[in-house]
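Read through the structure below, which is laid out as structure tokens, and then see the notes.
Coordinate-derived values only; no laboratory data. Because the structure is a prediction, the values reported are computed rather than measured. Neighbour counts are summed over all protein chains in view; Cβ atoms, including those assigned to glycine, are modelled from backbone coordinates with ideal geometry.
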Amino acid sequence: MENTITVLSSPEEVAHRAAAEIAKIINAVLIKRPIFRLVLSGGSTPKRLYETLSNGQYLQKISWDRVHFFWGDERAVGPNHPESNYRMAHEALLHQIHVRKNQIHRMRGEADHLKQAASDYEEEIRGHFGPGAGNIQFDMILLGLGEDGHSASLFPETDALKESHRWVVANYIPKLASYRLTLTPILLNQADWIIFLVTGSDKAGVVAEVLEGPRQPLRLPAQLISPVKGKLLWFLDRAAAEALKERTGIIKTTLCQTPH
Ligand code: 6PG
């Protein structure tokens, strides 16, 4: 499968270009289907994208009342905690676009039993798609990338990487001495579109390793993200892309300026 990698001049350009692409995809899908299922991520680069999507230009461009929001991962905290991925998305985007409660499908990071919260979330996903749904797949998944190669809360050498049947797990992360809820690659890879957003020179090494290095998914979990039938897009700023070699045929790299 071919990755499409778009390299832009700055983190702001990444947010604008990704927002324009996401708006285009949502609108195209909503012509054919009544709702769009979007999976959000935590992290500073996705946050900049949400803030961009919530500005006037995209408020008008997207039928937000037909978008359902899910999360790719959540920390073991309540929805009002400063570390909550739900809270971040709420403040940066959901609050501004006035979505209805039933459009928001958040993970219960505050639960006493996170394993139960993980299986409840899997049930919520199944219930949302309904019994008649064939293959359960999200329309779009947004992801960030950590310096250690993690994405969602799929951290190096953790149990979730070896999960063979569950879609949502409570993953223990030794280096954080904490559990996090995360979707597993089994479900993530069913999506129609998976979009990575990565900026900053501190990510340059890991971006090159994930995209061009040998396959070592237990060390670099982002390498597990490979849509079965969907498309994989990477939006990078110049700093995050500086260690890529641009091997023609495997990646398409463009340096572009988005009008906004
Ligand atoms: C989280 C995530 C995580 C994040 C990356 C990148 O909850 O933190 O979902 O996978 O996207 O760590 O985060 P930054 O963009 O802040 O580096």
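In terms of modelled amide H atoms, which long-range or inter-chain residues lie less than 5 Å from the amide H of residue 141?
Result for residue 141 returns 39, 193, 194, 195.
Mind ordering 161-169, 10-18, 106-114 by average Cβ neighbours within 10 Å, highest first?
Order by mean packing, descending: 10-18, 106-114, 161-169.
Amide H neighbours of residue 234 under 5 Å, at least 5 residues apart or on other chains, H built in the peptide plane: list them.
The list, which skips near neighbours in sequence, is 4, 5, 6, 196.
Calculate one ³J(HN,Hα) per residue across region 206-222 by plugging θ = phi - 60° into the Karplus curve 6.51 cos²θ - 1.76 cosθ + 1.60, and present them in order as whole Hz with x for glycine and proline.
Calculated HN-Hα couplings, in order: 6, 4, 5, 5, 5, 8, 10, x, x, 6, 9, x, 6, 8, 10, x, 4 Hz.
Normalising by the residue count of the chain, find the relative contact order in percent from Cα pairs under 8 Å and 6+ residues apart.
Result for the chain is 27 percent.
³J(HN,Hα) across region 34-51 via Karplus (A = 6.51, B = -1.76, C = 1.60, θ = phi - 60°), whole Hz, x for Gly/Pro?
Once rounded to whole Hz, the list reads x, 9, 10, 9, 10, 9, 9, 10, x, x, 6, 6, x, 4, 4, 4, 4, 5.
Please say if the chain is rounded, prolate or oblate, where rounded means a/c under 1.5 for a ≥ b ≥ c the square roots of the C-alpha gyration tensor eigenvalues, and otherwise the choice is prolate for a/b larger than b/c and oblate otherwise?
Because its axes are fairly even, with a/c under 1.5, the chain counts as rounded.
Subtract the Cα-Cα distance of residue 44 and residue 245 from 0.36 nm times their separation in residues, and report this length gain in nm to one decimal.
Separation in residues times 0.36 nm, less the Cα-Cα distance, equals 69.8 nm.
What are the ³J(HN,Hα) values, in whole Hz, obtained from phi via the Karplus relation 6.51 cos²θ - 1.76 cosθ + 1.60 with θ = phi - 60°, for each residue of region 137-149 in sequence order, with x given for Gly and Pro?
Values, residue by residue: 9, 7, 6, 8, 10, 9, 9, x, 9, x, 4, 8, x Hz.
Normalising by the residue count of region 132-182, find the relative contact order in percent from Cα pairs under 8 Å and 6+ residues apart.
23 percent.
Suppose R0 equals 25 Å. What FRET efficiency, 1/(1 + (r/R0)^6) with r the Cβ-Cβ distance, do residue 218 and residue 10 give to the nearest 0.05?
With R0 = 25 Å, the Cβ-Cβ based efficiency is 0.15.
Using 0.36 nm per residue, how much length does the chain from residue 61 to residue 123 gain when fully extended, once their Cα-Cα distance is taken away?
Additional length available on full extension: 19.1 nm.
Tell me, rounded to the nearest percent, the portion of alpha carbon pairs in region 91-217 spaced more than 21 Å apart.
49
Between residue 112 and residue 83, what is the label-to-label distance in nm when each label sits 7 Å out along the Cα-to-Cβ direction?
2.1
Would you be so kind as to identify which of 30, 90, 78 lies farthest towards the positive end of the dipole of the chain, taking Lys and Arg as +1 and Asp and Glu as -1 on Cβ and the Cα centre as origin?
Highest projection toward the positive end goes to 30.
Could you check the spin-label model distance between residue 32 and residue 101? Points 7 Å from the Cα along Cα→Cβ, value in nm.
According to this spin-label approximation, the distance is 3.4 nm.
Over the Cα atoms of region 1-128, what radius of gyration and what Dmax do you get, in Å?
Gyration radius and largest Cα-Cα distance of region 1-128: 15.3, 44 Å.
Out of all DSSP beta bridges with both ends in region 107-222, state the antiparallel percent to the nearest 5.
Roughly 65 percent of the DSSP beta bridges within region 107-222 come out antiparallel.
Given points 7 Å out from each Cα along the Cα-Cβ axis, report the residue 23 to residue 164 separation in nanometres with one decimal.
Label at residue 23, label at residue 164, 4.6 nm between them.
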